[in-house]
1. Nothing charged except the Cβ atoms of Lys and Arg (+1) and of Asp and Glu (-1): what's the magnitude of the dipole of the range B:199-241 about its Cα centre? Round to the nearest 20 debye.
2. Roughly how many Å² is the accessible area per residue of the range A:1-82, as a whole number, for a 1.4 Å probe?
3. Taking amide H positions as placed in the peptide plane 1.01 Å from N, state which residues far from A:A34 in sequence (5 or more) or on other chains have amide H under 5 Å from it.
4. Probe radius 1.4 Å, ligands and nucleic acids ignored: give me the carbon and sulfur share of the accessible area of the range B:90-207 as a rounded percent.
5. Mind ranking B:S318, A:S119 by accessible surface for me, highest first, 1.4 Å probe?
6. Using θ = phi - 60° and the Karplus relation 6.51 cos²θ - 1.76 cosθ + 1.60, list the HN-Hα couplings for the range B:201-210 in order, rounded to whole Hz, with x at every Gly or Pro.
7. Taking amide H positions as placed in the peptide plane 1.01 Å from N, state which residues far from B:F184 in sequence (5 or more) or on other chains have amide H under 5 Å from it.
8. With a Cα-only, solvent-free Debye model of chain A, what are the log10 I(q)/I(0) values at q = 0.09, 0.10, 0.16 Å⁻¹?
Amino acid sequence: MTETARHLILVVEDSDAIRMAFTILLEESGYDVAAAPNGAEAVRLAAERAPDLVLLDLGLPDIPGVEVARRIKSDPETRSIPVVALTGRDDDSDREALRAAGCAAYLVKPVDTQALIRSLPGYIEGAAAVAES
Amino acid sequence: MTDLRLQIHGGHEAEARLREVLAREGFRIVEPPKPETGAHSVLVVEPDGHPQGPHAPLGRGETARKIEELERTVLELRNLDVAKSQFLTNVSHELRTPLTAIVTYGEILRDGMLGEITPRQREAIESMIGSCRQLLAMIEEILTYARTNAQAISIQPSSFPVEEVVRTVFDMNASLVERKGLEFETALTPGLPRVYADRDKVAHVLGNLIGNAIDFTPDGGRVRVVARRAAHDPRWIEVGVEDTGIGIDAAHHDLIFQEFAQVDASRARIHHGTGLGLAIARQFVRLHGGRIWVESELGEGSRFYFTLPSVEVNEEASARSAVAEGAAA
């Protein structure tokens, strides 16, 4: 993969430790990373940097994660960006709301990092295929 | 004077405290506590004409006042219980975040992303990750229990073949089983009707039972998952997990489904659990209207079964309500 073809992933996570861990994980796996510690920053960066994927933690300090997903998916500028939600286990209401908001997937933390890395191209290409059709 | 019926949602502590208040205030419990779905127990009480202790017999106005007071106590206990569950939820969430960071960093190190590691370093890191995941699983269990206890959990049923969930949970546990050298097999009656149930909850119950079976079955033993029509009513599906493990004394068959209970300390040492797994499983099965039970003797292995409604039960129920609606129209 050439430098210019590297995909950009926006990591939205309020815990510094986890945000850093994901940044390392993704960079070491060949992605460029933008990081946001809260929902407002996430919405702003999604529009400004046009990432190829958003990894979105749902427990954010300012705006609920579901609402962040909804904003990204309802703005014509950012709606084609796939959003993968990360959260603690079995919150039924969130899952329904996320599907409705147009999230590509819903992963339970702590995610298996190898499985996540394997599935990233699918999320990114899936969105590209939808955009082309 | 009519009976006063009290539904208690606060667990053993709440019941004990309420009983104390009732006795002190001169009420008599005319029915022994009888657990019902939702409530921890139900007490039926009436004013006792001859209360013991310093209290004089109650007059009519007095009785009304006492009942009011009791109602206040019940409300207070319920609020306390909600606060307790909220506290557990918050604490669990706070514990999860640093653990998630540890697991993620551990996997980054394990996979050599920050430099080559030796096989022994890899072993150490894997053990660290495994311990963290174990801790997380226990926290999840406490959280689930708190939510179930606070009636914050409802089921979202859909119709699906029970084999699907059995296969998923089976596959999830396959590597663990392999490491312990256990035989792991399924015996599913072909052509079963689909169940009408909450897929995630069923997976949770089955995961708990299989996890227990693996924990309590010595190396070289066998764990088998069965699914068939229930003997008592063929429209219900019976799912079971049978093991060749240490077994459970008949005297403890009820105890193990109670929260925080483990049969003895040595068992707890092997199991490392919260003691909530079966209590949660029972709650989930009851939410479906089913039942869960165990057949076992010490040294004879354990066979846990639970029942789920098939779509046939559901169809019949909707047909009945349609008839009722038709009759009402």
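The values are calculated or read from the model by the stated rules, or taken from the named source; none is laboratory data. This one's a predicted model, so the numbers in the text were calculated from it and none came from an experiment. Note: ideal-geometry Cβ built from the backbone for every residue, glycine included; neighbour counts use all protein chains shown. Calculation scope for accessible area: heavy atoms of the full protein, side chains included, ligands and nucleic acids excluded. Shrake-Rupley method; radii C 1.70, N 1.55, O 1.52, S 1.80 Å.
1. Details: 7 positive and 5 negative charges, 51 e Å.
Charge dipole, the range B:199-241, about its Cα centre: 240 debye, nearest 20.
2. Details: 3690 Å² over 82 residues.
Dividing the accessible area of the range A:1-82 by its residue count gives 45 Å².
3. When sequence neighbours closer than 5 places are left aside, the close amide H contacts are A:I9, A:L10, A:V11.
4. Values: 3320 of 6060 Å².
Reported share for carbon and sulfur atoms: 55 percent.
5. Ranked list, largest accessible area first: B:S318, A:S119.
6. So the Karplus estimates, Gly and Pro as x, are 5, 5, 4, 5, 4, 5, x, 4, 5, 5 Hz.
7. B:V223
8. Once normalised to I(0) and log-transformed, intensities are -0.22, -0.27, -0.74.
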